[in-house]
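Remarks on the structure that follows.
FYI, it's all coordinate maths here, none of it is from the lab. Nothing here was measured: the structure is a model prediction, and the numbers come from that model. In this analysis, Cβ positions are derived from the backbone assuming ideal geometry, glycine residues included, and neighbour counts consider all displayed protein chains.
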Amino acid sequence: GTQWAETVYRGARMTASDPADAYRTLSCIQGFDSFKLTRRSSADEIQRAFAAQRLIWHPDKNPGDAVARETYATMQRAHAILMDPEQRRLHDEQLAAIPLSVPSAAAAAPSAEASKAAARQLPPDWLGPAPRSARPFAYVDSTPQPSTPAALAGVRRGDALVRIGEAAHLRDVQGVLEGQRLLPVPALVIEASGGFVKKWIVPHSWDPDTPGSLLGCQLADSCPADLAEMHPAMADARERAAEARARRLRSEGGEEGEEG
């Protein structure tokens, strides 16, 4: 059922089968999001990364898929380690004992792929006010890192993603990006300011440590909390909540009238 993976690892001790780097497991399991979790990441950052990955791999969303079930179990274990203070401390000590590699000059320099992507980058297209019928499937949860495909496309924190190419679900994004590598992919975006914009993402590998990451921004299934009250993509949700409150108040008022 839906609760199997929520409880199976609670309180478990670290074992030889644990992820070597739980931060990277949650960051890069699908490639496109690149949460860039580190030992300095807060519990809230870890929770949001896990929540986004859960949308992709949860067994209820992938019935009969043994790979998805195993992948989700690995993410659950990584999440359990990082959310338990003692397990996280032990895990961080193990990571600290691993010698850090020094990036070469070649790795630090812009790659040929990045140069090609920059040459093919298109400016955003303003499409007008955001239509009320648009339904985003994800939100950009933090400001994209400089020189990533998302940053070059003008993607900003709070952007509500309606589509990326043919993808209208988080689990489909990576396949679209891989299939359109180095080609401009249209992303329909509702900006926090209210604009409906087509932003052109040119997927390319931008991080030598995570070559499968072709987007370079953190995605979540919910709007950043500090933007939710004003974000135009949340207007319908706010109206539905207001209507539900009004119905509840009317119902409570009717019950009081009958009692009187």
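Assorted remarks:
- Listed peptides 164-170, 129-135, 212-218 by packing density, highest first (mean Cβ within 10 Å): 212-218, 164-170, 129-135
- Under-5 Å amide H pairs with residue 127, H placed in peptide plane, nonlocal only: 196, 197, 198
- Of all lysines in the structure, the ones whose alpha carbon falls short of 27 Å from that of residue 116, not counting any fewer than 8 places away in one chain, are 36, 198, 199.
- Computed over region 120-181: relative contact order in percent, which uses C-alpha pairs under 8 Å that are six or more apart: 32 percent
- Note, ³J(HN,Hα) from phi for region 121-138, Karplus 6.51, -1.76, 1.60, rounded to Hz, x at Gly and Pro: 5, 10, x, x, 10, 6, 10, x, x, 5, x, 5, 7, 5, 10, x, 9, 7
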